[in-house]
Amino acid sequence: MRFEIAFESDSFIRLPIQYNYVIQGMIYRHLGHEYSGQLHDEGYAYEKRNFKLFTFSRLSGKFQQNRESNEILFFQSVALTISSPIERFIYELGYSLLVSDELHLGDNLVKVSSFNALPEPEITSSEIIGMLSPITVYSTLRTEDNKVKTYYYTPYEEEFSRLIESNIRKKYALIYEKEPNDDQTLSIKPIKVGKNSEVILKYKDTIVKAWRGIYLLEGDPGLIKVAYDSGLGSKNSQGFGCFRFLRKGDNYD
């Protein structure tokens with residue numbers, strides 16, 4: 001489930017260039033207090049992992065960047081896509097955003113200019129997708145001198161697809177309260193992903209390497225649906241891994 005929401009302001013919408021945490025903070029503030037705290041602190045547990053089971057896109061709209069002040073200025077309006085397989089999350093968040101007298105996006109006072117609950121897509125076993133927010137896949141390793149190191153995979157490494165499938169299978173088990181069958185598989189292949197597709201973002205004090213681009217998802221439609229609702233890869237609730245299906249006639253740039 002997902003919705004698109006647009007915000008507008010009487011002047012520029014001024015945000016830090018690295019604004020993912022601003023969007024995430026707005027989302028948590030507009031969930032019910034009890035649910036927001038539980039989701040933020042605990043999430044949904046699978047073995048030793050905790051998942052938030054939501055994702056969101058980058059902001060879209062006309063903008064200019066000011067590198068000196070480390071700010072991005074949107075021209076009065078921005079649009080955002082938010083997605084989750086959890087009905088409570090979608091309903092609480094959507095309702096709160098629509099009825100709030102005052103909405104703050106960072107330090108900006110904004111109002112909702114449009115809200116669109118998107119219809120559920122028809123999903124096949126082979127789908128071309130475009131990233132609405134970049135996808136990140138990584139492993140935490142320990143070096144010979146016992147230091148922790150984070151290794152980020154590229155879409156051209158085998159582990160990229162394998163780890164994505166493993167991640168989606170865990171999310172499937174959480175959502176449907178049963179493990180997917182062995183014949184339910186998922187793979188991802190880059191179609192239009194080059195050097196310029198790599199982005200390096202900063203979430204609070206953490207540097208994250210991630211990838212934009214066009215990809216081919218193949219496998220079980222149920223697993224693809226889980227990926228669509230909850231996000232591909234890691235750090236989904238920090239604004240990574242949100243995508244859309246590309247259909248005939250869509251712009252692949």
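Read-outs: derived from the displayed coordinates by stated rules, not from any lab. Note that the structure is a prediction, hence the values are computed from the model and not measured. Because the Cβ atoms are built from the backbone with ideal geometry, glycine has one as well, and the counts that use them run over all protein chains shown.
Projected onto the charge dipole of the chain (+1 at Lys/Arg Cβ, -1 at Asp/Glu Cβ, origin at the Cα centre), which of 99, 109, 74 gives the Cα projection farthest towards the positive end?
With unit charges placed on the Cβ atoms, the residue in question is 74.
Assigning unit charges at the beta carbon (Lys, Arg +1; Asp, Glu -1) and nothing else, what dipole magnitude in debye, to the nearest 20, does the chain show about its Cα centre? Display every interim value, and only then the final one.
On the way: 31 positive and 34 negative charges, 124 e Å.
With only Lys, Arg, Asp and Glu charged at Cβ, the dipole is about 600 debye.
Distance cut-off 21 Å, Cα to Cα: go down the list 48/171; 52/178; 52/170; 52/189; 149/204 and report the pairs above it. Let's see the in-between values first.
Details: 48/171 13 Å; 52/178 18 Å; 52/170 12 Å; 52/189 25 Å; 149/204 18 Å.
Listed pairs above 21 Å: 52/189.
Return the FRET efficiency for the residue pair residue 159, residue 247: r is the Cβ-Cβ distance, R0 is 35 Å, and the value is rounded to the nearest 0.05.
With R0 = 35 Å, the Cβ-Cβ based efficiency is 0.70.
Place a label point 7 angstrom from the Cα of residue 140 along the Cα-to-Cβ direction, then list the residues of segment 178-218 whose backbone nitrogen is under 20 Å away.
Inside the label zone: 201-210.
Within segment 206-253, list the trypsin sites (Lys or Arg not before Pro) lying in a DSSP loop whose Cβ has at most 16 other Cβ atoms in a 10 Å radius.
Working: sites: 209, 212, 225, 235, 244, 247, 248; in loops: 212, 235, 247, 248.
When the trypsin sites (Lys or Arg not before Pro) of segment 206-253 are filtered for loop state and at most 16 Cβ neighbours within 10 Å, 247, 248 remain.
Please compute the length gained on full extension between residue 11 and residue 205, using 0.36 nm multiplied by the number of residues separating them and subtracting their Cα-Cα distance.
Numbers: separation 194, 0.36 × 194 = 69.84 nm, distance 2.93 nm.
Result for the pair: 66.9 nm of gain on full extension.
Can you give the FRET efficiency to the nearest 0.05 for residue 122 and residue 189, using r as the Cβ-Cβ distance and R₀ = 22 Å?
Result of the calculation: an efficiency of 0.55.
As an exercise, use a Förster radius of 30 Å and the Cβ-Cβ distance of residue 29 and residue 4 to find the FRET efficiency, rounded to the nearest 0.05.
Details: r = 19 Å, r/R0 = 0.65.
Result of the calculation: an efficiency of 0.95.
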